[in-house]
Number of protein chains: 2
Amino acid sequence: MKALLFDVFGTVVDWRTSIAREVTGICGPGVDSYRFADRWRSLYQPAMEQVRSGARPFTRLDVLHLESLRTVLSEFEIDLDSDATTALNLAWHRLEPWPDSVPGLTRLRTEFVVAPLSNGNISLLLDMAKNAGLPWDAILGAEPVQAYKPMPDAYLRTADILGLRPDECMMVAAHNSDLAAAAECGFATAFVARPLEHGPTQTSDLAPEAEWTYSVDSIESLADRLNC
Amino acid sequence: MKALLFDVFGTVVDWRTSIAREVTGICGPGVDSYRFADRWRSLYQPAMEQVRSGARPFTRLDVLHLESLRTVLSEFEIDLDSDATTALNLAWHRLEPWPDSVPGLTRLRTEFVVAPLSNGNISLLLDMAKNAGLPWDAILGAEPVQAYKPMPDAYLRTADILGLRPDECMMVAAHNSDLAAAAECGFATAFVARPLEHGPTQTSDLAPEAEWTYSVDSIESLADRLNC
C-alpha cells in the first residue's frame, strides 16, 4: 500500500454541522438550518448525475453547489443578494474536520501518500485544507481526472496520476457505495464509521456492508491499524 | 495576491547537483556526472516542444525524461539494465532543495497558497515534496492543465483551477522566459536568482531582464519582501 485516498464530505469533515452554522450566520436564526443543509446536500447526487450521464460536460462542484443553493433558497423563500449567495456557497470551502481527522492524517502521512479523492473541486479542497489544517500531500479527486465518483475513471485515473497500480491505493470512506466502486477498480478499502454524518437520526452507512480491507471508527484508528 | 506559483527545477531544487550525484551512484565514478546531467537536461525543452507543437499528445514528463535518458545513456555508451534505468529516471523525483527553499516556502505558506507550477508531472512533484519536505498546498503544473509552460494555457488554466484571476497569482521563477510568459498572461512575477543552477560557469538568467514585480536572491528574501 502506497497511497491512501480519502473521501472528504462526511468522512474527513462534518459538512452538516458546518453548513448549518453558516446558514444561520448568513440567513439568520429564523431558518431551520439543519433542514436547509440536508436539502442542499440532497441535490448533490442529482447534480453530479447530469455530468456522469453525459447530459452536460464536466462542471466543477462549486458551480453545481451554486445552482443547487439557488433552488434551496427559492424553496425556503429566502431572498439573498448575489454577494451573500456567493459567500454562502463558499461555506463548502470552510467545512470543519471531525476531531480525529487532522491527528489521524498527520500520522498516516508519515508512511503513505495521503490525498483527497473527493468530488469537490481543487480550490474547494485547497481552501478547506488551509482553513482546517488538513495535511494533504496533493489535492486529487474529480477535477484533475474530470470524472465524478463512483465512475471507474475517478479511481483509475487517480491511481494513474500517482504512477501506482490500483492495488497500491486504498480508498478511505464513510460510504459503502464509494468503497464498492473503488474495490471494483482494484483498490483496497477502509470503512470509517461516521454515524452522525446525517445527524442523530442517520439510518445509512452505520456499519460496513462488505468485507472491506479495514473497518474502523476513526482516522486515528486507521493509523493504529496501519502502524503509523 | 493570493497564490504564489513556483517553477521548481532550478528555482526550488538544485537539479544539477542532485542528478550528478545519482548518476555517479548508479553508473559509477567513471562517468562525467555533471556533463551527463547537463546533457540530459539539454533534451528537456526539445522533448516538451513535441507536445507544445501538437506533434504528439500530452505526455508526462516522466515519459519524456525516460526517452531522453535512453538517448544520453547511448551517447555516453553506458549499458544499464531496465531496472537501473528506471531507478535513474526517478532521480528527478528525489531532487534536493536549495537551502532557502523549505524555510522560505514554510513562511510564505502562512499568508498565501503556495504550489508548484512546474512542467514536472504530479507524482514526480509529490515524491519530491515528500522526500524534501516541501510544504506545498497542492500539486499543480503541466499535468493537471495538460499544457507545458510557456504555453499560456499552463498559466491561465492554473489560475482558473484556483478560482483566481491571473492578477491574483504570482509566478516565481529563476528563469526570465518563464516570467515573461506568465506576465503576458497577467500574472505578477518574482525573479529568484539562482546563479549556480547550471554550475559555476552559468551565463544565463544571472539577473532579471525586465521589471519583474519582485527580484530577490532567495525564497526567504521573497518571504521578507512579502512580510511573511
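Could you tell me whether any residue of the range B:77-100 is at pLDDT 95 or above, touching a His at 6+ places or on another chain (Cβ under 7 Å) and closer than 21 Å to B:P152 by Cβ? Scanning the range B:77-100 turns up no residue that is at pLDDT 95 or above, touching a His at 6+ places or on another chain (Cβ under 7 Å) and closer than 21 Å to B:P152 by Cβ.
With the checklist (1) within 11 Å of another protein chain (Cβ to nearest Cβ); (2) within 20 Å of A:H93 (Cα to Cα) in hand, flag the one item A:T158 doesn't pass. With respect to (1) within 11 Å of another protein chain (Cβ to nearest Cβ); (2) within 20 Å of A:H93 (Cα to Cα), A:T158 is out only on (2). Of the residues that sit in the range A:2-50 and are buried (at least 21 other Cβ atoms within 10 Å of the Cβ), β-branched (V, I, T) and out of contact with any His (no Cβ under 9 Å at 6 or more places or on another chain), which one is nearest to A:P150 (Cα to Cα)? By that ranking, first place goes to A:V8. Inspection of the range B:94-102 identifies no residue that is within 12 Å of chain A (Cβ to nearest Cβ) and in contact (Cβ under 8 Å) with a residue 24 or more places away in the chain.
Of the residues examined, B:P150 is not one that is more than 17 Å from the chain's Cα centre (by Cα), over 20 Å from A:I139 (Cα atoms) and either within 14 Å of chain A (Cβ to nearest Cβ) or not charged (D, E, K, R) (or both). Hey, does the range B:106-127 have a residue that's free of Cβ contacts under 8 Å to residues at least 24 places away in the same chain, surrounded by 21 or more Cβ atoms within 10 Å (Cβ to Cβ) and within 13 Å of chain A (Cβ to nearest Cβ)? Taking every residue of the range B:106-127 in turn, at least one turns out to be free of Cβ contacts under 8 Å to residues at least 24 places away in the same chain, surrounded by 21 or more Cβ atoms within 10 Å (Cβ to Cβ) and within 13 Å of chain A (Cβ to nearest Cβ). Quick check: is even one residue across the range B:100-110 among the β-branched types (V, I, T) and either part of a loop (DSSP other than H, G, I, E, B) or in contact with a Lys or Arg (Cβ under 6 Å, 6 or more places away or on another chain) (or both)? Yes: the range B:100-110 contains one or more residues that are among the β-branched types (V, I, T) and either part of a loop (DSSP other than H, G, I, E, B) or in contact with a Lys or Arg (Cβ under 6 Å, 6 or more places away or on another chain) (or both).
Can you name the residue in the range A:162-177 that is within 14 Å of chain B (Cβ to nearest Cβ) and surrounded by fewer than 24 Cβ atoms within 10 Å (Cβ to Cβ) and, of all such residues, is nearest to A:Q45 (Cα to Cα)?
Of the range A:162-177, the ones within 14 Å of chain B (Cβ to nearest Cβ) are A:162-165, A:168-169.
With surrounded by fewer than 24 Cβ atoms within 10 Å (Cβ to Cβ) added as a condition, the list becomes A:162-165, A:168.
Numbers: A:L162: 27, A:G163: 29, A:L164: 29, A:R165: 28, A:E168: 28 Å.
Step by step, filter the range A:162-177, then rank; the result is A:L162.
Of all residue pairs spaced 6 or more apart or on separate chains, those with beta-carbon atoms under 6 Å, a first member in the range A:164-176 that is within 21 Å of B:D127 (Cα to Cα) and in the same structural domain as A:S215 (by TED's automatic domain parsing) and a second member that is among the charged types (D, E, K, R) and outside any helix (DSSP H, G or I) are A:L164/A:K2; A:E168/A:K2. B:V192 meets the conditions (1) out of contact with any Asp or Glu (no Cβ under 9 Å at 6 or more places or on another chain); (2) farther than 30 Å from A:Q146 by Cβ in every case but one. The failed one is (1).
Only one residue in A:A142, A:A138 is under 19 Å from B:I139 (Cα atoms), more than 10 Å from every other protein chain (Cβ to nearest Cβ) and among the hydrophobic types (A, V, I, L, M, F, W, C). Which one?
Checking each option against the conditions leaves just A:A142.
Residues that are without any contact (Cβ under 8 Å) to a residue 24 or more places away in the chain, more than 14 Å from chain A (Cβ to nearest Cβ) and within 26 Å of B:D153 (Cα to Cα): does the range B:31-42 have at least one? Among the residues of the range B:31-42, at least one is without any contact (Cβ under 8 Å) to a residue 24 or more places away in the chain, more than 14 Å from chain A (Cβ to nearest Cβ) and within 26 Å of B:D153 (Cα to Cα), which makes the answer yes.
When B:E197, B:E211 are screened for being more than 28 Å from B:A20 (Cβ to Cβ), acidic (D, E) and not assigned by TED's automatic domain parsing to the domain that holds B:R41, only B:E211 passes.
Entry remark, the range B:43-75: residues being of a type outside the set (K, R), assigned to a loop (DSSP other than H, G, I, E, B) and within 14 Å of chain A (Cβ to nearest Cβ) number 2 in total. Please go through the range B:178-213 and give me each residue that is charged (D, E, K, R) and either without any contact (Cβ under 8 Å) to a residue 12 or more places away in the chain or surrounded by 16 or more Cβ atoms within 10 Å (Cβ to Cβ) (or both), ordered by number. Passing the criteria: B:D178, B:R194, B:E197, B:D205, B:E211. Just one of the listed residues (B:L90, B:L134) is outside the structural domain of B:E184 (by TED's automatic domain parsing) and either within 30 Å of B:S53 (Cβ to Cβ) or touching a strand residue (DSSP E or B) at 6+ places or on another chain (Cβ under 9 Å) (or both), namely B:L90.
Taken over the range B:100-131, the residue count meeting the criterion of being under 26 Å from B:Q50 (Cβ atoms) and of a type in the set (V, I, T) is 1. Checking A:P144 against (1) under 19 Å from A:V216 (Cβ atoms); (2) buried (at least 19 other Cβ atoms within 10 Å of the Cβ), only one condition comes out false. Which one? A:P144 satisfies every listed condition except (1).
The values are calculated or read from the model by the stated rules, or taken from the named source; none is laboratory data. As the structure is a computational prediction, the values presented were derived from the model and not from experiment. Backbone-built Cβ (ideal geometry, glycine too); neighbour counts: all protein chains shown.
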